[in-house]
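Q: The structure follows.
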Amino acid sequence: MKVGRGADAIQLLTGGDGEHDAGEHPSGGGCFIMAPWPNRIRDGVFEHEGRSYFILENAPPHAIHGTVNELPFEIVEQSVSTVTLRSDLGDLWPFDGSITLLAEMDGASLLQEITIASDGETFPAGFGWHPWFRRNLGGGDVAIAAPVTDMWILDEAMTPTGERVPPHDEFDIRERMTPEFGSLDDCFRIQPGEATILDWPEASLRIQSSPNLAHLMVYTPSDSICVEPQTAAVNAFQLAARGIEGTGTEIVSPERPLIGSTRWTWNKI
């Protein structure tokens, strides 16, 4: 993702410079889709309609980041400024379904819309984006401001206890602030439909999503910052099964797909 044109364009994503193989997903760089769940399912286990289901733990003790980031997508339709891609949800997911991504360039914005559909049974679902933005573009570290309402308390396994608290201390990202390396790996709830801003000295990025993308994961590794709009909390399916409200878990059926979108608008300063 570059801001500007030609030799003066600025790459916002870690690992975004140079040539790429579209069939490879580099670790710690770029941006990928998390679906049919975002982030972690603890122990890879969840319940739906009285039955327990197990997903392979690809990051023990968790099943993490969904299934589709490792699956090929087919091109359904494309034009100069838009592309529609589709994939099945894969053999690791215990239900038949699909994901469709519509990506559209609109001036200085990238609009992405995701649809998760069932081909038969109902199932719980969620999705999100996992971009690895560069912490520093050369002139100083990025600052972030997000419309946070509260945050989930995480346990030693980095999954929510079910409690939520107002943002506080280094977790208060409501006002423009530069998070320190390693300070955040946390899941927030945000005001639906309001924008999150990333500001570098050279550029700014505005992330504004549909109201059902009311969660934001923020992770601060060494050379990146991951600001991840998502429909559901970490471990949302297990929380919902316990009767915890506000998890963002949706039940998809053939008649009711899960649809949501995010618009990223950039400006070179």
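Q: In the stretch 115-140, how many are aromatic (Phe, Trp, Tyr) and more than 18 Å from PHE73 (Cα to Cα)?
A: The number of residues fulfilling the criteria is 3.
Q: Against the definition (surrounded by 14 or more Cβ atoms within 10 Å (Cβ to Cβ), at pLDDT 95 or above and among the acidic types (Asp, Glu)), how does GLU163 come out, yes or no?
A: no
Q: Anything in the stretch 174-206 that is aliphatic (A, V, I, L, M), surrounded by 16 or more Cβ atoms within 10 Å (Cβ to Cβ) and closer than 18 Å to GLY140 by Cα? List them, or say none.
A: ILE197, LEU198, ALA203, LEU205
Q: Considering only residues that are surrounded by fewer than 14 Cβ atoms within 10 Å (Cβ to Cβ) and among the acidic types (Asp, Glu), which ones fall in the stretch 77-95?
A: GLU77, ASP91
Q: Step by step: first the residues of the stretch 238-248, then only those that are surrounded by fewer than 24 Cβ atoms within 10 Å (Cβ to Cβ) and of a type outside the set (A, V, I, L, M), then the one that is nearest to PRO160 (Cα to Cα). Which residue is that?
A: Here the residue is GLN238.
Q: Under 8 Å by Cβ, and 6 or more places apart or on different chains, what pairs join a residue from the stretch 239-252 that is in contact (Cβ under 8 Å) with a residue 60 or more places away in the chain and more than 17 Å from ASP155 (Cβ to Cβ) with one that is among the charged types (D, E, K, R) and buried (at least 19 other Cβ atoms within 10 Å of the Cβ)?
A: Going by the 8 Å Cβ cut-off, the qualifying pairs are GLY246/ARG189.
Q: Suppose we keep only residues that are in contact (Cβ under 8 Å) with a residue 40 or more places away in the chain and either in contact with a His (Cβ under 6 Å, 6 or more places away or on another chain) or outside any strand (DSSP E or B) (or both) within the stretch 96-119. Which one would you say is farthest from GLU255 (Cα to Cα)?
A: Only one residue tops the list, namely ALA108.
Q: Just checking, does the stretch 257-269 include any residue being within 20 Å of GLN11 (Cα to Cα), of a type in the set (A, V, I, L, M, F, W, C) and surrounded by fewer than 17 Cβ atoms within 10 Å (Cβ to Cβ)?
A: The answer is yes, given that some residue of the stretch 257-269 is within 20 Å of GLN11 (Cα to Cα), of a type in the set (A, V, I, L, M, F, W, C) and surrounded by fewer than 17 Cβ atoms within 10 Å (Cβ to Cβ).
Q: Related question: Taking the residues in the stretch 60-79 that are outside any strand (DSSP E or B) and among the aliphatic types (A, V, I, L, M) as candidates, determine which candidate is farthest from LEU102 (Cα to Cα).
A: So, considering only residues that are outside any strand (DSSP E or B) and among the aliphatic types (A, V, I, L, M), the one farthest from LEU102 (Cα to Cα) is LEU71.
Q: Let me ask something else about it. Tell me whether the stretch 186-207 contains one or more residues that are closer than 20 Å to LEU12 by Cα and within 14 Å of the chain's Cα centre (by Cα).
A: yes
The values are calculated or read from the model by the stated rules, or taken from the named source; none is laboratory data. Values in this document were obtained by computation on a predicted structure and should not be read as measured data. Note: ideal-geometry Cβ built from the backbone for every residue, glycine included; neighbour counts use all protein chains shown.
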